[in-house]
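See structure below.
The values are calculated or read from the model by the stated rules, or taken from the named source; none is laboratory data. If you're wondering where the values come from, they're calculated on a predicted model, not measured in any experiment. Cβ sites come from the backbone with ideal geometry, for glycine too, and all protein chains shown count toward neighbours. Ligands, DNA and RNA are stripped out before the accessible areas are found, and what is left, the full protein with its side chains, is counted by its heavy atoms. Shrake-Rupley method; radii C 1.70, N 1.55, O 1.52, S 1.80 Å.
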Amino acid sequence: MKTAGIICEYNPIHNGHLRHIAETRALLNGCAVVCVMSGNFVQRGDIAVFSRHARAAAAVVAGADLVLELPVPYALSSAESFALGGVRVLNALGVVTHLSFGSESGETSCLQKAADSLNTQAASALIRQELKSGASYAAARHVALRQLIGDDADVLQSPNNILGVEYLKALMSTSSAMSPVTVCRRGSAHDSAGPESASQLRRILKQGGAPWHLMPESTAAIYKEETARGRGPVFIGALDSALLSRLRMLPDDAFRRLPDASEGLEDRLMRFARSEPTFGAVLDAAKTKRYALSRLRRMALCAALGITAADTKRPPEYIRVLALNQTGRQLLREIKEKASLPVVTKPAGVKALGERALSMFHQEAAATDLYALAYPKPENRTGGQEWTTSPAVL
C-alpha cells in the first residue's frame with residue numbers, strides 16, 4: 001500500500017487542509033497518510049494557538065492516520081531547515097512512498113526546475129552577489145533565479161511554492177526514495193468549502209471570536225474542548241515577561257550560536273533584549289529592512305529555548321508519535337520493523353535511547369514547559385507535562 005507523508009503545522013487545521021489530505025488519497029488511489037507536524041512552536045516564529053497534542057488529534061479526526069512530531073529545532077527554522085527536518089523524519093520511517101504538499105502552482109515540474117537551478121554553484125554565486133548589494137535573502141534568491149531560468153523563477157513569489165521548492169531540494173539532498181506530489185491550493189475566504197487561511201482563524205480567535213463554524217465539525221469539537229478547559233487558544237503575548245527574562249539572562253556567546261545569526265543581527269537582538277521593556281519592543285527595535293521579522297522572531301525564540309545553529313543541522317534522534325487511528329496503529333507496527341530510528345510512544349521510553357536522544361527530548365520538555373505558561377487557566381501551567389502526555393489513539 002502506498003503511504004503519503006505530509007509536513008505540516010495545522011495551526012489550526014481547516015477545510016483546505018482536509019481537502020489536501022483527501023486529494024492526496026485520490027491522487028494515489030487510496031493511501032495511508034502520515035503527518036510530521038510542528039509542536040508547540042511554529043515556523044513563523046510564534047507559539048501554536050492550540051497544543052500539539054490537541055492539533056495532532058484534530059489531524060487524525062480530519063483524515064490523517066498517524067501524526068508524528070517535527071522536533072522543535074526544525075520547527076523554529078528557515079523554510080530550508082524546516083523542510084529538511086521534515087523530510088529526514090519521513091525518510092527514517094522506511095515506509096513512506098510519496099511526499100505530498102500544497103502549492104499555488106499545482107504541479108511539480110516548474111518547482112523542480114527551480115529546485116534544480118538553486119542547487120547549482122552558479123545560483124549560490126549569484127545569490128551571494130545580490131546579498132552584497134544589500135538585498136534580503138528572498139529578494140536575492142529570486143533575482144538570481146531569474147537570471148538562470150527567466151520568468152519561471154516567479155514560482156518563488158508564492159509562499160507554498162517556496163516551501164515546495166525546499167521540499168524538493170530536501171528530497172534531492174537526502175537521496176530520498178519518496179516521490180513528490182503536489183495539490184493545488186484553491187479557494188479563499190469566500191470559497192463554499194470555507195477559508196483556507198489558518199492566519200484568519202487565529203486572528204478571529206485572538207479577537208475573542210469563535211470560528212468553529214469555519215472549521216470541520218469534528219476538529220472544532222477538539223478545539224472547543226481545549227478552550228473550555230482553559231488550554232487555549234494560546235498567544236505569545238502571554239509569555240512576554242518569561243521570554244524577556246530568559247533573553248536577558250543569556251551570555252553574549254549564546255546569541256552568536258543562534259540559527260541565522262549573521263551580519264550583526266544577533267548583536268542587535270542581544271543589545272535590545274537587554275534594554276527594551278517588552279519582548280515585542282525587542283523585535284521592533286532589532287528588525288531591519290533586510291531581514292524578515294519572522295527570522296528575528298525565530299532567533300529570539302531559539303535563544304529563549306537554548307536552540308543553537310548546530311541543533312538545526314543535526315539529524316533527528318528518534319521518531320515521536322503524537323496521535324494515530326487504527327490504520328496508523330497498523331502502520332506503526334510496520335514502521336517499528338523498518339525505521340532507521342527508534343520510535344517513541346511513551347515519554348519514559350526515551351530514557352533508554354542514549355544521551356543524544358535524551359538531550360533532544362529535554363529540549364522538547366523545556367519548550368513545553370515554556371508553552372504551558374501561556375495557558376489561559378493558571379492551574380494548567382504545571383511543569384513536566386512533556387513526561388506525562390501519551391499519544392492520542394482515536
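Figures for the structure shown
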quantity	calculated
Dipole moment magnitude, nearest 20 debye, the chain about Cα centre, only Lys, Arg, Asp, Glu C-beta charged	440 debye
nm² value of the averaged projected area, convex hull over the Cα atoms of segment 205-362	13.1 nm²
Nearest-10 value in Å² for the accessible area of L131, using the 1.4 Å probe	40 Å²
I222 - accessible surface, heavy atoms, 1.4 Å probe, Å² rounded to 10	30 Å²
Whole-percent pair-distance distribution, where bins are 10 Å wide, for the alpha carbons of segment 191-252	18, 41, 21, 14, 5, 0
All Cα pairs of segment 1-82, percent lying beyond 22 Å	23 percent
HN-Hα J in Hz across segment 114-126 - Karplus 6.51, -1.76, 1.60, θ = phi - 60°, x for Gly and Pro	5, 4, 4, 5, 5, 7, 9, 5, 4, 5, 4, 5, 5
Stokes-Einstein D for the chain, Kirkwood Rh over Cα pairs, 10 °C, 1.306 mPa s (µm²/s)	74 µm²/s
Surface/4 estimate of mean projected area, convex hull on alpha-carbon atoms of segment 292-394, nm²	8.6 nm²
Built amide H within the under 5 Å cut-off of A62, gap 5+	none
Compactness of segment 88-237, expressed as Rg and Dmax over alpha-carbon positions, Å	19.5, 55
Cut-off under 5 Å, modelled amide H: who pairs with V36 long-range	I6, I7, C8, L68
With 10 Å bins from 0: P(r) over segment 58-134, alpha-carbon pairs, percent	14, 33, 37, 11, 5
Per-residue SASA entry for E263, accessible area with 1.4 Å probe, Å² rounded to 10	130 Å²
